1. Just the residues that are among the aliphatic types (A, V, I, L, M) and more than 18 Å from the chain's Cα centre (by Cα), please, taken from the stretch 235-288.
2. Restricting the search to the stretch 22-55, which residues are hydroxyl-bearing (Ser, Thr, Tyr) and surrounded by 12 or more Cβ atoms within 10 Å (Cβ to Cβ)?
3. For residues that are of a type in the set (A, V, I, L, M, F, W, C) and touching a helix residue (DSSP H, G or I) at 6+ places or on another chain (Cβ under 7 Å), scanning just the stretch 66-81, find the one that is nearest to residue 32 (Cα to Cα).
4. Go through the stretch 174-197 residue by residue and tally those that are of a type outside the set (Ser, Thr, Tyr) and closer than 19 Å to residue 225 by Cα.
5. Go through 77, 68 for me and flag whichever is under 26 Å from residue 247 (Cβ atoms) and not in a helix (DSSP H, G or I).
6. With the condition kept exactly as written, say whether any residue in the stretch 197-211 is of a type in the set (Lys, Arg), in contact (Cβ under 8 Å) with a residue 40 or more places away in the chain and within 21 Å of residue 180 (Cβ to Cβ).
7. Is it the case that residue 266 is in contact (Cβ under 8 Å) with a residue 40 or more places away in the chain, of a type in the set (Phe, Trp, Tyr) and crowded, with 16+ Cβ neighbours inside 10 Å?
Amino acid sequence: MTSHTTPSITELSATALSATDVAPLLKIMEKLRDPQTGCPWDKAQTFQTIVPFTLEEAYEVADTIERLALDELPDELGDLLFQVVFYCQLGKEQGRFDFSTVVNKITDKLTRRHPHVFGEATFEAFEADASSQQMKANWEAIKASEREQKALAAGVTSSSEVSVLDDIPRAQPALSRSIKIQQRVARVGFDWPELEPVVAKIHEEIDEVLAEVNQPRLDQAKVQAEMGDLLFAVVNLARHLKVDPEQALRQANVKFERRFKGVEAFARQNNKALEEHSLEELDAYWDKVKQGEPR
């Protein structure tokens with residue numbers, strides 16, 4: 001058995017803080033929020049108003065990674081870190097928490113969720129003969145326990161009221177949230193083990209969409225509901241194929257954008273506006289763009 005000397009939460013937090021130059025950044029944020037000399041824009045912000053900027057910065061990090069522009073990544077990660085620092089300053093001003101609180105929280109969570117690394121569990125059980133399924137099962141058991149503790153703290157009096165779907169953020173992008181929901185229910189056995197019924201469900205949902213579209217009197221709300229079911233079924237197929245639907249759709253967006261810009265380039269070469277082309281002509285440009293791409 002491999003032996004480990006497990007650092008305490010306090011030691012880990014102190015190391016995390018001392019190993020970085022975060023103090024100047026915290027001071028800058030404090031100065032930006034100074035009631036007398038701070039920046040008017042920064043002083044006007046709240047937890048709620050910062051959220052859109054946080055999402056934007058997170059997407060910029062993802063975009064940088066997907067473009068393999070890793071030289072730009074430190075700058076984008078800095079922007080994202082600043083969002084965390086901003087929230088921590090707001091929390092500090094309200095007497096709720098500060099940056100150290102956040103570091104302590106994530107340090108505690110990581111050590112708690114990795115007992116095979118930081119102690120508590122016998123390490124040999126997670127050595128080379130341990131499967132990834134065992135590791136995932138252990139991870140999910142810990143998270144389930146955490147959800148129960150959160151529910152109890154929120155006033156839920158019985159563990160029977162705790163759902164496996166608790167704490168999935170409603171503000172999460174719909175594709176990402178749907179795959180998270182499906183992953184959660186699959187872990188308790190609510191899932192098809194084969195691909196065939198997954199694909200069949202997609203065909204079923206397509207038929208239901210078309211049935212609504214072809215009604216004598218179109219009900220847009222029902223069409224939208226059926227489209228939602230279809231998208232959910234497609235996400236399920238992506239999950240079974242081990243494809244991240246959010247990432248796959250972002251890549252598809254980038255590919256379409258690149259190809260359509262090629263269509264525009266062909267149109268300019270012919271000195272005709274896009275609107276002056278027939279759909280057949282535009283499709284021909286599209287095919288040329290596709291043929292010119294590396295295989």
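The values are calculated or read from the model by the stated rules, or taken from the named source; none is laboratory data. Only a predicted model underlies this, so the values are computations on that prediction, with no experimental measurement involved. Glycine gets a Cβ as well: all are built from the backbone with ideal geometry, and neighbour counts include every protein chain shown.
1. Result: 237, 241, 254, 263, 265, 267, 273, 274, 279, 282, 284.
2. 54
3. That would be 80.
4. 6
5. Numbers: 77 fails: not in a helix (DSSP H, G or I).
Criteria check complete, one pass: 68.
6. No, that holds for no residue.
7. no
This table checks each residue for (1) in contact (Cβ under 8 Å) with a residue 24 or more places away in the chain; (2) in the same structural domain as residue 205 (by TED's automatic domain parsing); (3) crowded, with 16+ Cβ neighbours inside 10 Å; (4) within 30 Å of residue 180 (Cβ to Cβ).
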{"residue": "225", "(1), (2), (3), (4)": "no, yes, no, yes"}
{"residue": "232", "(1), (2), (3), (4)": "yes, yes, yes, yes"}
{"residue": "239", "(1), (2), (3), (4)": "yes, yes, yes, yes"}
{"residue": "254", "(1), (2), (3), (4)": "yes, no, no, yes"}
{"residue": "262", "(1), (2), (3), (4)": "yes, no, yes, no"}
{"residue": "274", "(1), (2), (3), (4)": "no, no, no, no"}
{"residue": "285", "(1), (2), (3), (4)": "no, no, yes, no"}
